[in-house]
Amino acid sequence: MVFKRIFLFLTLCFLAGCAPERKAETPQRILSLSTAATHLLTELGVPPCAIDEYGRIAVASPPPAVIGKGSVISREKIAELGIDSAVVWYYQEKAAEPFRNAGLPVTVIPALRLAEYPALILRLGEVTGKTERAQELAEAFRRRLEQISVPAEVPARRVCFELYSPGKIAGDASYLGDLVRAAGGKSIVPKTGLISAEAVIEAAPEVIFYIEGFGSGAEIAARNAYSGTPAVRGGRIHAVPRRLTVEGVAPLEAIEFMKQYMR
């Protein structure tokens, strides 16, 4: 009902001829369903007033209002909080529909890659009217990334980065793959997905990363496929804090963390 009233108001405004002259207002009460956007909006000084459950990892405590999980959002809370815009991931089109139907602006965050991170900062700066601050953040990010990235001419270590289940490995052509490459490694697979024991043996990873809380170094080392790898023989199995693996939350920190285990 609330969405219908908003939509009706906007329609009447348009018919009355006021819409073309109305200057778009800068969003003040943003709902963010993207962890990357939640982190960057906070850095820009305009933290979202609401997030979903997954966004908790991108904010300090206490968090903004948590009004759903993933694409399942409380419409009552949206109205109660006076949400005036939303930021969603590219795969959450269904969650964006109610906002568009109500005439509210929606910013869609594409699949994230490290090279495009500065552009995302600038885009969110435009959306929120914080263009100067965004330019500062983007430039600082570029400088720091250049400083800490391992030069391409340095031989890369073969890296097996296991995700949330055994055998599911982060691919080179992914956000995590980008972080691994900047830290001086290269994923043993081109695309994220399940990998066979035979493929692990053949790839002979020199470093194994896994997400903290999802497995253990001892369990991984005991697997037949991994036990003879250079990573296990050299004791190079390391847990990565989950926050550092979440897209867009702490890329520079993640690179520096992994870099210390690539030596």
By residue number, the members of the range 159-218 that are part of a loop (DSSP other than H, G, I, E, B) and of a type in the set (Val, Ile, Thr) are ILE188, VAL189, THR192, ILE195
Which one of these does PHE141 not meet: (1) assigned to a loop (DSSP other than H, G, I, E, B); (2) touching a Pro at 6+ places or on another chain (Cβ under 6 Å)?
(1)
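Considering each residue of the range 139-162, count those that are surrounded by 20 or more Cβ atoms within 10 Å (Cβ to Cβ) and within 19 Å of the chain's Cα centre (by Cα), and give that number.
The total comes to 2.
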Would you confirm, using the coordinates I've provided, whether GLU116 is surrounded by fewer than 20 Cβ atoms within 10 Å (Cβ to Cβ) and closer than 16 Å to HIS39 by Cβ?
yes
Only one of (1) free of Cβ contacts under 8 Å to residues at least 60 places away in the same chain; (2) β-branched (Val, Ile, Thr); (3) over 27 Å from GLN92 (Cβ atoms) is not met by ILE148, so which one is it?
(1)
Within the range 192-221, track down each residue that is within 23 Å of PRO155 (Cβ to Cβ) and either under 25 Å from the mean Cα position of the chain (by Cα) or among the aliphatic types (A, V, I, L, M) (or both).
ILE195, ALA199, VAL200, ILE201, ALA203, ALA204, VAL207, ILE208, PHE209
Looking at GLY185, GLY235 in this structure, which one is of a type outside the set (A, V, I, L, M) and either assigned by TED's automatic domain parsing to the domain that holds HIS39 or at pLDDT below 95 (or both)?
GLY235
Go through (1) touching a residue at least 40 places away in the same chain (Cβ under 8 Å); (2) in contact with a Lys or Arg (Cβ under 6 Å, 6 or more places away or on another chain); (3) of a type outside the set (A, V, I, L, M, F, W, C) for GLU212 and report which single condition fails.
(1)
Let me spell it out: the conditions are (1) surrounded by fewer than 17 Cβ atoms within 10 Å (Cβ to Cβ); (2) touching a residue at least 40 places away in the same chain (Cβ under 8 Å); (3) in the same structural domain as GLY217 (by TED's automatic domain parsing); (4) not aromatic (Phe, Trp, Tyr), and ASP178 meets all of them except one. Which number is the exception?
(1)
Do we have any residue at all in the range 136-155 that's at pLDDT 95 or above, touching a strand residue (DSSP E or B) at 6+ places or on another chain (Cβ under 9 Å) and not assigned by TED's automatic domain parsing to the domain that holds LEU41?
yes
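Could you tell me how many of the residues in the range 93-116 are under 19 Å from VAL72 (Cα atoms) and either in a strand (DSSP E or B) or among the charged types (D, E, K, R) (or both)?
8
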Output the qualifying pairs, or none if there are none: Cβ atoms under 6 angstrom, residues six or more apart or on different chains, first residue in the range 39-57 and among the basic types (Lys, Arg), second residue surrounded by fewer than 20 Cβ atoms within 10 Å (Cβ to Cβ) and not in a helix (DSSP H, G or I).
ARG56/PRO63
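The values are calculated or read from the model by the stated rules, or taken from the named source; none is laboratory data. Keep in mind it's a predicted model, so treat the numbers as computed, not measured. Cβ sites come from the backbone with ideal geometry, for glycine too, and all protein chains shown count toward neighbours.
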